[in-house]
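Novice: Structure below; questions to follow.
No value in this document is a laboratory result; all are computed from the given coordinates. Every value quoted in this text rests on a predicted model; they were computed, and no experiment measured them. Note: ideal-geometry Cβ built from the backbone for every residue, glycine included; neighbour counts use all protein chains shown.
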């Protein structure tokens, strides 16, 4: 099995490597949003008499959004961009002929290869941003070690959510609209738009129930040492429960999708 | 000139037919657009539940800002993105040659062939938002400021159009440059907030390189009567200059272009 993944890695890495110049451009999509919001909150904090909003000053906001940006790049799955068109134009059937699960091998490794390469390009950009915004980075070695599994699990969650959404392409041609809807909800409740602390209490409640904060806000706050041990433990349990639930959902929809796909082709 | 208007009318009719042929898709897209509008409101409500002003801009001002941003959004989604997609496909597949052969100005044909007609809804939304925002902030602008606002909105639109034309014209030199509008697409979102709160380097970027702020913050400042007369004149002149430069770049580009496959 490991050999299979190794093979897929070689293919997908080579494929992504061709587009390395484009990756630098795509980075712009990721970078602009957090910069805009870190500026907005800095302006608000600097305008307040205490220089703070909800206990955060401009440098804290810079640290939050720049850390979040790195976490976002590491955990957000982009599988829909390849997978949706493969399902729509039917080329997925070539992959279905192989004796391995196409989503859990090829799509998964492709996502990973994309992330690995993008991370390489991202490091100098991130360093430049840190120099520009002078964030109060409160990382420690232990916060890194504690956050690492949360980032990996966060990516798995995001991968399952995105691919399960994309599988709807077997039923509808409007899968991108559906993805937009999920994306909008996620953006609001994941901590990507604002630190969850800034949300009104009832919205914080919703954010706790939804899975999205687990792959954004959670790893970010561990990295910044802003979480109590009890909260960290609770969120880790939540991550595992969500991954199991999402995986079961993914399997169910995948089986149905295949049945439906062969029905169309027959 | 009249000829151009006739052709434009024909393009709009043609695109209208396409919209009507895919009615459900249009409705779904309209729904998505309204959803993001609701998202914007939720975002504003959240931000302003923590503060009264963003660097001196209050909630009424921000509603006006969102209204203005809708106009920029309309330009992008009705014209710029779809036409760029068609243009890039034309270069890749060689069909651009047919467009260039048409007995009409090639820049006109490339930039107005694809118009997503239903996005005109944005115009209505923008007017409502601007009116509501102004009412909310309690600062009704005087007539001269309103006139300056409308003029600068138009000139800002022309500036954005011209920058876009130059960006896609670059493809004539680097045929593989199909990321031509990525940066513009990414930076469009900076138009949601007044550029005056951005750090200097970002303000310079969105004013002079990808001048989103020229079509958002600057007209808003005119509406609030914050512009000196020379700033107004400069912003207005920017529209004419940008258009002239883009025409030249386009002409040289087309002359240089010899097909992607040849």
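Novice: Would you calculate, for chain A, the mean residue ellipticity at 222 nm contributed by helices, counting each DSSP H stretch of 4 or more residues as -39,500 (n - 2.57) and dividing by all residues, to the nearest 500?
Specialist: -25500 deg cm²/dmol
Novice: While we're here: According to a simple spin-label model (label point 7 Å from Cα along Cα-to-Cβ), what is the distance in nm between residue B:97 and residue B:147?
Specialist: Reported label-point gap for residue B:147 and residue B:97 is 5.3 nm.
Novice: Quick one: if the Förster radius is 35 Å, what FRET efficiency do residue B:104 and residue A:23 give, using the C-beta to C-beta distance and rounding to 0.05?
Specialist: The pair residue B:104/residue A:23 has a calculated efficiency of 0.40.
Novice: Please state the relative contact order of segment A:2-265 as a whole percent: Cα pairs under 8 Å, 6+ residues apart?
Specialist: 25
Novice: While we're here: Compute the relative contact order of chain B as a whole-number percentage, counting only Cα pairs closer than 8 Å that sit 6 or more residues apart in sequence.
Specialist: In percent, rounded to a whole number, it is 25.
Novice: Using only Cα atoms, find the angle between the long axis of helix A:2-18 and the longest principal axis of chain A, and express it within 0 to 90 degrees, rounded to the nearest 10.
Specialist: Orientation of helix A:2-18: about 70 degrees from the principal axis.
Novice: Could you tell me the distance between the Cα centroids of segment B:77-145 and segment B:208-262, to the nearest Å?
Specialist: That distance is 15 Å.
Novice: Moving on. Neighbour counts of other C-beta atoms within 10 Å: give me B:18, B:52 arranged from fewest to most.
Specialist: Starting with the residue having the fewest Cβ neighbours, the order is B:52, B:18.
Novice: Give me the extension gain from residue A:119 to residue A:78: residue separation times 0.36 nm, minus the current Cα-Cα distance, reported in nm with one decimal.
Specialist: Full extension from residue A:119 to residue A:78 adds 13.4 nm.
Novice: Which residues does a label at residue B:135 reach in segment B:31-47, if reach means a backbone N under 18 Å from a point 7 Å past the Cα toward the Cβ?
Specialist: B:41
Novice: Round to the nearest 10 and give me the degree value, 0 to 90, for the angle of helix A:80-89's Cα axis relative to the longest principal axis of chain A.
Specialist: 20
Novice: Given an 8 Å cut-off on Cα distances and at least 6 residues of separation, report the relative contact order of segment B:54-132 as a percent.
Specialist: Once normalised by length, the contact order is 54 percent.
Novice: Quick check: the angle from helix A:141-167's long axis to the longest principal axis of chain A, C-alpha only, nearest 10 degrees?
Specialist: The angle comes out at about 40 degrees.
Novice: What whole-number distance in Å separates the alpha-carbon centres of segment A:222-266 and segment A:133-156?
Specialist: Here the two parts' Cα centres lie 21 Å apart.
Novice: For an R0 of 51 angstrom, estimate the FRET efficiency from the Cβ-Cβ distance between residue A:237 and residue B:2 and round to the nearest 0.05.
Specialist: 0.10
Novice: For a label point 7 Å from the Cα of residue A:130 along Cα→C-beta, name the residues of segment A:30-56 whose backbone N is under 19 Å from it.
Specialist: Under 19 Å, as judged by backbone N against the label point of residue A:130, lie A:31-32, A:34-35, A:38-39 of segment A:30-56.
Novice: Evaluate the distance, in nm, between pseudo-label points positioned 7 Å from the Cα of residue A:181 and of residue B:85 along their respective Cα→Cβ axes.
Specialist: 2.0
Novice: Run lengths n ≥ 4 of DSSP H only: what is the helix-derived mean residue ellipticity at 222 nm for chain B, with -39500 (n - 2.57) per run over all residues, to the nearest 500?
Specialist: Helix contribution divided over all residues of chain B: -22500 deg cm²/dmol.
Novice: Return the distance in nm (one decimal) between the two label points of a simple spin-label model at residue A:140 and residue A:4, each offset 7 Å from Cα along Cα→Cβ.
Specialist: 4.3
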